[in-house]
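Taking it in order: structure first as structure tokens, then the write-up.
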Amino acid sequence: MKLYSNWHQRLAQLFGSAEMMALGDFLLQEKAAGKKIHPPSCKIFHAFTLTPFDQVKVVILGQDPYHGPGQAHGLSFSVEANVTPPPSLKNIYKELQADLGLEPASHGDLSAWAKQGVLLLNSCLTVEEGRAGSHQNKGWELFTNAVMDVLNSERTNIVFILWGRKAMRKSHFIDHKKHLVITSAHPSPLSAYNGFFGSSPFSRTNSYLISKNVDPIDWRLN
């Protein structure tokens, strides 16, 4: 497994750990058994390629990658432009429209956000096709915990957007005096009406960034 840019110098030691070696072995064994793993190997660390460590302004934390064929491409909640936006992403667009008045995008590719400093991170970076949560407790949590920890300790004034209970569990990695933490229900249709809709994460994020003299995110995608 390869990590790009200035993330590598901060996390390289972790990749030599027994836990991460075991994760690599697990993924190789799953593929050898003929199981389809998402996203493709070349896209597992896509978020870190598009959003270098020193450019992170916002972290949007999800759970697993999408587990449908051709959906996941290494950015939480995002799909390639030629793939129909899944229900969770459609709900994100609904909240974006309610919050900022932006019309829903005609596609589901959130790369434009990533290139502005929005780290689109999942708690687990891989999943077996058709089996949500199948790669939990295999080692990815150790990696993403380390990502959260190094952002918290070395940076200031980052907005952490934690959607859903699993994402909220990482709140304890964050110094709430140094950063802004926004939490709500997950945008999934199963939970969006329990606090995701009406949470205004996009305007709250930009208000905070502006208050810290940081350029806000242009959330437009069309």
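The values are calculated or read from the model by the stated rules, or taken from the named source; none is laboratory data. As the structure is a computational prediction, the values presented were derived from the model and not from experiment. As a convention, Cβ positions derive from the backbone with ideal geometry for all residues, glycine included, and neighbour counts pool all protein chains shown. In case anyone asks, the SASA skips ligands and DNA or RNA and just uses the protein heavy atoms, side chains included. Shrake-Rupley method; radii C 1.70, N 1.55, O 1.52, S 1.80 Å.
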message: If I filter segment 164-180 for residues that are closer than 28 Å to Glu19 by Cα, surrounded by 15 or more Cβ atoms within 10 Å (Cβ to Cβ) and modelled with pLDDT of 95 or more, do I get at least one hit?
response: yes
- request: Could you identify the single residue in Ala33, Ala22 that is without any contact (Cβ under 8 Å) to a residue 12 or more places away in the chain, among the aliphatic types (A, V, I, L, M) and open to solvent by 20 Å² or more (accessible area, probe 1.4 Å)?
  value: Ala33
statement: If you go through His38, His8, the only one that is farther than 26 Å from Thr183 by Cα, touching a helix residue (DSSP H, G or I) at 6+ places or on another chain (Cβ under 9 Å) and either among the aromatic types (Phe, Trp, Tyr) or open to solvent by 10 Å² or more (accessible area, probe 1.4 Å) (or both) is His8
query: Is it true that some residue in segment 23-31 is under 12 Å from the mean Cα position of the chain (by Cα), aromatic (Phe, Trp, Tyr) and farther than 24 Å from Ile158 by Cβ?
result: no
query: Taking into account only those residues within segment 55-66 that are modelled with pLDDT of 95 or more and open to solvent by 30 Å² or more (accessible area, probe 1.4 Å), which is farthest from the chain's Cα centre (by Cα)?
result: Gln55
message: Condition check: at pLDDT 95 or above, of a type in the set (A, V, I, L, M, F, W, C), open to solvent by less than 50 Å² (accessible area, probe 1.4 Å) and under 24 Å from Gln97 (Cα atoms). Does Ile161 satisfy that?
response: yes
message: Suppose we filter segment 84-111 for residues that are open to solvent by 40 Å² or more (accessible area, probe 1.4 Å) and in a helix (DSSP H, G or I); how many remain?
response: 6
message: Of the conditions (1) under 19 Å from Leu14 (Cα atoms); (2) in contact with a strand residue (DSSP E or B) (Cβ under 6 Å, 6 or more places away or on another chain); (3) surrounded by fewer than 18 Cβ atoms within 10 Å (Cβ to Cβ), Asn137 satisfies every one except a single condition; which number is it?
response: (2)
